[in-house]
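Here's the structure we're looking at; comments come further down.
The values are calculated or read from the model by the stated rules, or taken from the named source; none is laboratory data. Bear in mind that the values here come from a model prediction, so they are computed numbers and not experimental data. Every residue, glycine as well, gets a Cβ built from its backbone with ideal geometry; the counts of neighbours run over all protein chains shown.
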Amino acid sequence: DVKVTQSSRYLVKRTGEKVFLECVQDMDHENMFWYRQDPGLGLRLIYFSYDVKMKEKGDIPEGYSVSREKKERFSLILESASTNQTSMYLCASSSHRVNTEAFFGQGTRLTVV
Amino acid sequence: SQQGEEDPQALSIQEGENATMNCSYKTSINNLQWYRQNSGRGLVHLILIRSNEREKHSGRLRVTLDTSKKSSSLLITASRAADTASYFCATDRTNDYKLSFGAGTTVTVRA
């Protein structure tokens, strides 16, 4: 059974903390994505990576960075967490092959207090 | 900015009725995909339609794609309580690997 696993289901952090959200996939996928989901706004792309050590900004990269040192792992970093980063974070992966679907993790609900 | 926009934002139907939701997008695409999300969980892929296809079926799902109008529709026939979820369209854009989502349609199926 294919899997995308996010390290935490729920997370509470303090303002100003450095936060790491980890995502691991076991499908040997080239592409990995980080989205945040807020009510009424749907999923917005933060960053994506199409290969190891490669990354591209999505629609809302400000306040975030990413790391992809190994093919299976894609980390989202909040350098200094703020309350407006309270959200659901979703990781996904997909193959480079055209016309294939993405697989999602279960999501991490982050609360910054 | 987001590529896809779904319409309506919310839909409430009786069990057994059909549910239709629409998606519009802005740029050229390789394919358009529909996903379902149950109550704050991850998204699950439902169906993918390629840019050169006009209609596709999978079980009780029917998807259409009109590339000239840059729009798609998802029809769920004979709805069940278990179909209660949020539905998102996503576009796989030409010339990049990004998968862009809309804001979603929340469907409630009443027993």
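Looking only at residues in the stretch B:73-111 that are modelled with pLDDT under 95 and on the phi > 0 side of the Ramachandran plot, which one is nearest to the other protein chains (Cβ to nearest Cβ)? Out of the qualifying residues, it is B:104. Restricting the search to strands (runs of 3 or more DSSP E) fully inside the stretch A:1-86 and requiring at least 2 residues that are among the hydrophobic types (A, V, I, L, M, F, W, C), in contact with a Gly (Cβ under 7 Å, 6 or more places away or on another chain) and within 11 Å of chain B (Cβ to nearest Cβ) gives A:42-51.
Across the stretch A:87-113, the qualifying residues are those that are part of a loop (DSSP other than H, G, I, E, B) and of a type in the set (A, V, I, L, M), and the one among them that is surrounded by the most Cβ atoms within 10 Å (Cβ to Cβ) is A:102.
Look at (1) within 13 Å of chain B (Cβ to nearest Cβ); (2) polar (S, T, N, Q); (3) touching a Leu at 6+ places or on another chain (Cβ under 7 Å) and you find that residue A:100 fails only one, number (3). The residues in the stretch B:61-94 that are touching a residue at least 60 places away in the same chain (Cβ under 8 Å) and over 22 Å from residue B:10 (Cβ atoms) can be counted, and the count is 3.
At least 1 residues being at pLDDT 95 or above and under 30 Å from residue A:110 (Cβ atoms) is the threshold, and among the strands (runs of 3 or more DSSP E) wholly inside the stretch B:10-72 those reaching it are B:10-14, B:19-24, B:29-37, B:43-50.
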